[in-house]
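Structure, as structure tokens:
The values are calculated or read from the model by the stated rules, or taken from the named source; none is laboratory data. Not measured: the values here are computed from a predicted model. Please note: Cβ atoms are built from the backbone with ideal geometry, for glycine as well, and neighbour counts cover all protein chains shown. For accessibility, only protein heavy atoms count, side chains too; no ligands or nucleic acids. Shrake-Rupley method; radii C 1.70, N 1.55, O 1.52, S 1.80 Å.
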Amino acid sequence: MSFELILALVVGFIIGVLAALLIDNLTLVRRVQEANADKQNARADLQKAQIQQQAMAQKVQLAEVDLETAIAERTQLEETIARQLQEIEASRDQLQTTIQTTESLKENAQEVQERLEELDSLHLATQEQLETAVAENSEIATELQLLEGEVALLEEKAEALTQKLAEAEAKVGERGQKIIAIEAELAAVESEKDAALMELEQAEQAVVEQSTHIATLQQRLVEMDLLREKLSEAEAKLGAADSDLEKLQSTIGDVQTKMSYSGKNQLQLIKGIGPAYARRLNEFGIQTFADLADCEPEQVASIIKKRNWQSADIQDWLDEAKALAATLESDG
């Protein structure tokens, strides 16, 4: 397995990991938002429960006031009955009237007693409702704490994924620099090949001149042998250069194969452009490095629908696209 194929596999794997991390990051952000919404709803429910608890406490206070009033009324009635009984004993002539009055007072006392029992029942019911509200308040507070813990865990996970995404992007940048270095080496080898071809042409020209003057230039035979030796060396260099050229052409083919990204759009080789951004650019007719290099930053930002919180540097994309487009044109 060649280094270029391994490099292509590594780049493809890293970009796949970046896409997965981006999707996971978006999912986590959505889950954090949902957890925050649940947290706000729980706080609202807690406030409602507190308001209900305060209302129940006010009802209990009112019931206690009614109970105290009823007790005072009962005490007054009992004092009135006692006073009237004394008046009955002191005045037997008004016995019948006093008995009737006493019966009426007894009926009032019975009504007061029933009223006291009703107030006691209401007090007990109010206490039960208050205890229920307190229990519900405790449950809501517990759920709120659990939600806060989940939100904290999700935020930590989101930070970890963001850090991994940054590391992966740095690795992709390093791979891109290696590709540029390989292209530079390729250009250097082509330059050496051109120089060798020029030397070969000069050597062939010298051989022709020596062949036409061989009869009269015997004294230069030694020089001719030396030239032949140089020609042999040049031919050897030319053969080596041809071999290197074939290897470099194969390397160019591999690089171009990687740049085609196994049938996918080459825009994904630019640092920061993932499958989602590449798809949006393709929908607007931007398929190659040259297409992207001809765009303006504002146009690209509008196409990919860039948000303020996103860290995409569109100007870097355009600069890298121009460099890659120029490299491909020179290779072609």
Which of the lysines could a cross-linker bridge to residue 322, judged by Cα under 16 Å and excluding same-chain residues fewer than eight apart?
271
Got a number for carbon plus sulfur as a percent of region 1-70's accessible area, 1.4 Å probe?
58 percent
Can you tell me how region 28-121 classifies by the Cα gyration tensor, rounded, prolate or oblate, using a/c under 1.5 as the rounded cut?
prolate
Compute, for region 57-97, the length of the dipole vector about the Cα centre, with Cβ point charges of +1 (Lys, Arg) and -1 (Asp, Glu) only. Units Debye, rounded to 20.
80 debye
Can you spot the lysines whose alpha carbon is less than 20 Å from residue 193's alpha carbon? Ignore those fewer than 8 places along the same chain.
230, 237, 247
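If you roll a 1.4 Å probe over the heavy atoms of the protein chains, what accessible area per residue do you get for region 1-132, in Å²?
Values: 9430 Å² over 132 residues.
On a per-residue basis, 71 Å².
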Counting Lys +1, Arg +1, Asp -1, Glu -1, what net charge surrounds residue 108 among other residues with beta carbon under 12 Å of its beta carbon?
-3
Reachable lysines, given that their alpha-carbon falls under 24 Å from the alpha-carbon of residue 48 and they are not under 8 places away in the same chain
39, 59
